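Notes follow once the structure below has been shown.
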Amino acid sequence: MADLARIIAFACLAGLAGPALAGGAVPDPQALARLVHQDCGSCHGMTLKGGLGPDIRPERMIRFSTDDLKALILDGIPGTPMPPWRPLLS
């Protein structure tokens, strides 16, 4: 359950849950997990074990605080392929 919670938090921070949250609706955890696999998986591998980007499975992300994850996602990592998502999020 902690792994699923971490995936959901990651999806929300990445702005992938925007459509699911429209109108105050409670997001479907399975739908959010699918979004992470589809959108983040395009760079981090479909199993999230790494690809162009590093392994982002929940057990690897647990070492980061929510604020750290938010900064990584919103601001990207200069000098790496990780783009800033801030310009794409409202």
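Is there a residue being modelled with pLDDT of 90 or more and either surrounded by fewer than 13 Cβ atoms within 10 Å (Cβ to Cβ) or assigned to a helix (DSSP H, G or I) (or both) anywhere in region 13-27? No: zero hits. Note on region 28-57: residues that are in contact with a Leu (Cβ under 8 Å, 6 or more places away or on another chain) and at pLDDT below 90 amount to 11. I'd like the residue in region 58-68 that is without any contact (Cβ under 8 Å) to a residue 24 or more places away in the chain and part of a loop (DSSP other than H, G, I, E, B) and, out of all such residues, is surrounded by the fewest Cβ atoms within 10 Å (Cβ to Cβ). If we take residues in region 58-68 being without any contact (Cβ under 8 Å) to a residue 24 or more places away in the chain and part of a loop (DSSP other than H, G, I, E, B), then Arg63 is surrounded by the fewest Cβ atoms within 10 Å (Cβ to Cβ).
Scanning region 69-88 for residues that are of a type in the set (Gly, Ala, Ser) and assigned to a loop (DSSP other than H, G, I, E, B), we see that the one that is farthest from Gly41 (Cα to Cα) is Gly79. Can you name every residue in region 39-55 that is surrounded by 14 or more Cβ atoms within 10 Å (Cβ to Cβ) and without any contact (Cβ under 8 Å) to a residue 24 or more places away in the chain? Listed by number, the residues that qualify are Gly41, His44, Gly45, Leu48, Gly50, Gly51, Pro54, Asp55.
The values are calculated or read from the model by the stated rules, or taken from the named source; none is laboratory data. Nothing here was measured: the structure is a model prediction, and the numbers come from that model. All Cβ positions, glycine included, derive from the backbone under ideal geometry; neighbour counts span all protein chains shown.
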